[in-house]
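Structure, as structure tokens:
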């Protein structure tokens, strides 16, 4: 009767490869799965942007982009990261989430992450990303992870401080994820009572 493994869906908002944003997302995913086995999906915005960037209505999206949206809408945990340009997430990142059903993320835990050119943009997590997912009534996790270019060496995380922040974000996410993993079993038991 136990629930299947949790489904973690990550959206990397970087448009290029290699990407510091992607490296950050991959590290967060690895740490999450090490702590709590889960099924993962990784959506790289740079790979799909040419197929949805000019589309204005969801029913006109190609099937692969629609499948990515369904993954986002059915996630047990959503991990989102965007490079920060001019104080905010990218326009294509926002455009992707404009297609997400506004009720599909209610109470879904969302881990927020971002990369930027300097520490000046660190608050973009709280001033830009957190309000976006508050609109969806998602449960944004308390610890966001922000990184700058100095935290990487050849697109690999080289900063001990960033590694510590990643570890803290995962540690603080685990109780929420464990509760979420138990929810379906608890609902099944209530239905039997």
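How do the pairs read when you match residues in region 95-106 that are over 21 Å from residue 49 (Cα atoms) with residues anywhere that are modelled with pLDDT of 95 or more, using Cβ under 6 Å and keeping only pairs 6 or more apart or on different chains? Listed by first residue and then by second, the contacts come to 104/73; 105/136; 105/138; 106/137. Only one entry of 114, 122 meets the criterion of being free of Cβ contacts under 8 Å to residues at least 60 places away in the same chain and more than 25 Å from residue 56 (Cβ to Cβ), and that entry is 122. Go through region 49-68 and report how many residues are under 22 Å from residue 17 (Cβ atoms), surrounded by 15 or more Cβ atoms within 10 Å (Cβ to Cβ) and without any contact (Cβ under 8 Å) to a residue 40 or more places away in the chain. Looking only at that region, the number is 2. Filtering region 146-162 to residues that are under 16 Å from residue 81 (Cβ atoms) and either part of a helix (DSSP H, G or I) or without any contact (Cβ under 8 Å) to a residue 12 or more places away in the chain (or both) leaves 149, 151, 162. Looking at region 134-142, can you tell me whether even one residue there is touching a helix residue (DSSP H, G or I) at 6+ places or on another chain (Cβ under 7 Å) and at pLDDT below 95? Within region 134-142, one or more residues are touching a helix residue (DSSP H, G or I) at 6+ places or on another chain (Cβ under 7 Å) and at pLDDT below 95. For the criterion of being under 26 Å from residue 17 (Cα atoms) and either surrounded by 14 or more Cβ atoms within 10 Å (Cβ to Cβ) or touching a helix residue (DSSP H, G or I) at 6+ places or on another chain (Cβ under 7 Å) (or both), residue 105 fails.
The values are calculated or read from the model by the stated rules, or taken from the named source; none is laboratory data. These numbers come from a predicted model, not from an experiment. Quick reminder, even Gly has a Cβ in these numbers, built from the backbone with ideal geometry, and neighbours come from all protein chains shown.
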